[in-house]
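The numbers here are math on the coordinates, done by the rules we state, and not lab data. Note that the structure is predicted; figures quoted are calculated from it, not measured. Because the Cβ atoms are built from the backbone with ideal geometry, glycine has one as well, and the counts that use them run over all protein chains shown.
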Protein chains: 2
Amino acid sequence: MKNYKLAIVGATGVVGQMVLKVLEEKKLPISEYVLFASSKSAGKKVSFMNKEYEVQELKEDSFDSHIDFAIFSAGGDTAKKYAPIAAEKGTIVIDNSNAFRMDKDVPLVVPEVNPEEIKKHHNIISNPNCSTIQAVACLKPLDDKYNIKRIVYSTYQAVSGAGSKGIHDLENGIINYLTKENYKLEKFNYPIFNNCIPHIDVFLENGYTKEEQKMINETRKILKKPDLKITATTVRVPVFNSHSESINIEFEKSFDLNELKQTLKDSPSLKIIDDISNNKYPLATSATGHDDVLIGRIRRDYSVISGVNLWVVADNIRKGAASNAVQILEHLI
Amino acid sequence: MKNYKLAIVGATGVVGQMVLKVLEEKKLPISEYVLFASSKSAGKKVSFMNKEYEVQELKEDSFDSHIDFAIFSAGGDTAKKYAPIAAEKGTIVIDNSNAFRMDKDVPLVVPEVNPEEIKKHHNIISNPNCSTIQAVACLKPLDDKYNIKRIVYSTYQAVSGAGSKGIHDLENGIINYLTKENYKLEKFNYPIFNNCIPHIDVFLENGYTKEEQKMINETRKILKKPDLKITATTVRVPVFNSHSESINIEFEKSFDLNELKQTLKDSPSLKIIDDISNNKYPLATSATGHDDVLIGRIRRDYSVISGVNLWVVADNIRKGAASNAVQILEHLI
């Protein structure tokens, strides 16, 4: 059994820290780790696997000594610059950013959904957007069985998806509510405390946000239906962690509701919480800390011939980012 | 000019208090007010119109001395018992509860949308559900022009819609976050702080909540399209006041996007906030304290032949309840 060398790029960020936590939980045959970050965080000490690591500054020669795998959680600009350098040197990169997701030579992978894509890589594999991962985990088994015709997404996304600055904005808003202590917004254009903000990532020419367009494009790529009809409204809500999604789906084929529920139950990584007589349904606080995608409020949409509404919740930092990346790494190993 | 006598039933509740505030802002020809509440709140002193009022206990003989109008904001059970008594005695009742909304003899009115229904009353007029009022205010001008075919609602509803107990649950959750002080939930099944709860009002046999079914039924009644295809997911969010809604609409007719925006701009009580190049869109904190329905994120839905997505925000206690009731009263006067 080979022992691998793994780099974690962006090791001090919200997702990078979770990558380290998930790696600690798994027993992977990795004998050597290197932690990278920007010059700002370089030199920081990070406790990991019962050892103290010093975070290295990411540089153009960082991949000169052979590194088998790298998990990048450092944003699009860093990925665009350094992932190709790493790939060129023979490192297989799993990238959490938006940089390469829609490249036709880059697999976009949720391991439960399209593991067969992993092997098609040319040293770069993309992790989908957090809001897409939890959606396609539910959509794939339903598409296989009932052939999805159209999707309407409305999301309720946690501030952790906006990194530590997003978390600070909510925290500071809460403190301000009780103490009236002034604070400066670090991430959002408006206070996220006491607001739902219908604006994630930048606005595009067509009036959609990039986050909405990502959900549309990435769902199509992962389900291998380039013309699938999808629309999306993505919204930031004053919740610290775990994204919730209202997903309206129209099918080509008819379905039996109990059979549809059983199909979801039989799918890996999905957990059905749908017992309305006992007021049980997925919540952000139930999803946080776990890798399962929670599904509830499963009910027929009577406004179309064959349709269903779902309420889907998952930990956006774990399943929506870190755990999905580590699962891809497990497949590679 | 006649001077009328007006009763406010449920005068100490969240909506009742707002009814008093809205009445103070308007100059209506009302010479006498009576404030009613349950026995629990009877005897309370309420300052209103520069006068101190003692809240009376609502009883079966409360309407024996002639009262011209009554605004009820006291829940379905109280309305079911006392509104027919008042109506019988000749009082015209405007009821904020769900009790009579779907009765075919009871007009269900949003004054900007279907004022012609008011005169058809038999002494009881219903105020629609808060989440319905702001939705139909936008939908009506679009339906008139483009003929709505189908609607998919996903809501982001504030805790004030659940009354003072709902507000306490969020407040106590915030305090608990900072102080770790224990608290007991008063209204919701789960902490609303840090969660989006996909459960408003009780669950029905068909898997929908009553709130979802209300949005579907009331929209159909107000738009006078009993078979309109509608589905809904209604969600409580950790926001104190003002409901936000993601509304996906499919039309029978084609539209020009600028013309559609102009149609909304020309409609009474709607305010367009849709300047994405300057990051302007409706927010709960912008809507609070005003009667306008705010609309933004207006963009074509490319997943259907003719469709649009809207983000609609309004003060659920003002336009969604108190102001709408007072506007109906103005029409009656």
- Fewest first, what order do A:PHE63, A:PHE251 take by the number of other Cβ atoms within 10 Å? A:PHE251, A:PHE63
- Message: For region B:132-316, give me the percentage of DSSP beta bridges that are antiparallel, rounded to the nearest 5 percent.
- Response: 75
- Task: Based on other C-beta atoms within 10 Å, arrange A:SER244, B:SER39, A:SER303, A:SER277 from fewest to most.
- Result: A:SER277, B:SER39, A:SER303, A:SER244
- Item | Rg over Rh, two decimals, region B:132-316 (C-alpha only, Kirkwood Rh) | 1.01
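Pull out a ≥ b ≥ c, the square roots of the eigenvalues of the alpha-carbon gyration tensor of region B:222-292, then state rounded if a/c is under 1.5, prolate if not and a/b is larger than b/c, and oblate in the remaining case.
Oblate, because a/c is 1.5 or more while a/b does not exceed b/c.
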- Task: Please report, to two decimal places, log10 I(q)/I(0) for chain A at q = 0.13, 0.16 Å⁻¹ as given by the Debye formula with identical point scatterers on the Cα atoms and no solvent.
- Result: -0.99, -1.41
- With the contact rule set at Cα under 8 Å and sequence spacing of 6 or more, what percent relative contact order holds for chain A? 18
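Please list, by residue number, every one of the trypsin sites (Lys or Arg not before Pro) in region B:1-62 that is coil in DSSP and has at most 16 other beta-carbon atoms within 10 Å.
Working: sites: B:LYS2, B:LYS5, B:LYS21, B:LYS26, B:LYS27, B:LYS40, B:LYS44, B:LYS45, B:LYS51, B:LYS59; in loops: B:LYS2, B:LYS26, B:LYS27, B:LYS40, B:LYS44, B:LYS59.
Hits after loop and neighbour filter: B:LYS2, B:LYS26, B:LYS27, B:LYS40, B:LYS44, B:LYS59.
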- The exposure ranking of B:ILE333, A:ILE167, fewest beta-carbon neighbours within 10 Å first, is B:ILE333, A:ILE167
- Task: Starting from the exponent 0.38 and prefactor 2.2 Å, build the expected Rg for region A:106-195 from its residue count and divide its actual Cα Rg by it.
- Result: 1.55
- Task: Could you grab the Rg to Rh ratio for the protein assembly as shown? Cα atoms only, Kirkwood for Rh.
- Result: 1.02
- Query: Roughly how many whole Å is it from the C-alpha centroid of region A:273-332 to that of region A:126-148?
  - Reply: 11
- Item | Within the protein assembly as shown: Cβ-based charge dipole about Cα centre, in debye rounded to nearest 20 (Lys, Arg +1; Asp, Glu -1) | 180
- Net charge of Cβ neighbours under 9 Å - reference B:HIS168; Lys, Arg +1; Asp, Glu -1: -1
- Task: List the pair-distance distribution P(r) of region B:1-49, using every Cα-Cα distance, as the percent of pairs falling in each 10 Å bin from 0 up to the bin containing the longest distance, rounded to whole percents.
- Result: 25, 56, 18, 2
- Report, by chain and number, residues whose modeled amide H sits under 5 Å from the one on A:TYR33, excluding near sequence neighbours (fewer than 5 apart, same chain). A:LEU6
- Task: Starting from region B:1-92, pick out the GluC sites (Glu not before Pro) whose DSSP state is loop and whose Cβ has at most 16 other Cβ atoms within 10 Å.
- Result: B:GLU60
- Query: Taking N as the number of residues in region A:50-171, what is its Cα Rg relative to 2.2 N^0.38 Å?
  - Reply: 1.25
- Task: List the pair-distance distribution P(r) of region A:36-98, using every Cα-Cα distance, as the percent of pairs falling in each 10 Å bin from 0 up to the bin containing the longest distance, rounded to whole percents.
- Result: 22, 51, 26, 1
- Message: Straight-line reach only, C-alpha to C-alpha below 19 angstrom: list the lysines that A:LYS26 could link to, leaving out same-chain residues fewer than 8 apart.
- Response: A:LYS2, A:LYS5, A:LYS51, A:LYS319
- Query: Could you give the distance between the Cα centres of region B:63-101 and region A:166-211, to the whole Å?
  - Reply: 43
- Message: Counting only other chains, and only Cβ atoms inside 10 Å, what mean value do you get across the residues of A:82-94?
- Response: 0
- Message: Please report the net charge: other residues with Cβ closer than 15 Å to the Cβ of A:PRO282, K and R +1, D and E -1.
- Response: +3
- Quick one: label points 7 angstrom along Cα→Cβ at A:SER47, distances to the other copies in nm, smallest first? 5.6
- Message: List, shortest first and in nm to one decimal, how far the label point of A:LEU332 (7 Å from Cα along Cα→Cβ) is from its counterparts in the other copies.
- Response: 7.0
- Task: Just the number, please: percent antiparallel of the DSSP beta bridges in chain A, rounded to the nearest 5.
- Result: 50
- Query: Which whole number gives the average, over all residues in B:272-281, of C-beta atoms from other chains lying within 10 Å of the residue C-beta?
  - Reply: 3
- Task: Mind pulling the angle between the C-alpha long axis of helix B:323-332 and the longest principal axis of chain B? Nearest 10 degrees, somewhere in 0 to 90.
- Result: 70
- Query: For label points placed 7 Å from Cα toward Cβ, what is the shortest-first list of nm distances from A:ASN189 to its copies?
  - Reply: 3.7
- Item | Tail beyond 15 Å, pair distance distribution of region A:279-328 (Cα, percent) | 53
- Query: How about region B:131-219: which GluC sites (Glu not before Pro) there lie in a loop by DSSP and see at most 13 other Cβ atoms within 10 Å?
  - Reply: B:GLU181, B:GLU205
- Rounded to the nearest 5, the percent of antiparallel DSSP beta bridges in the protein assembly as shown equals 50
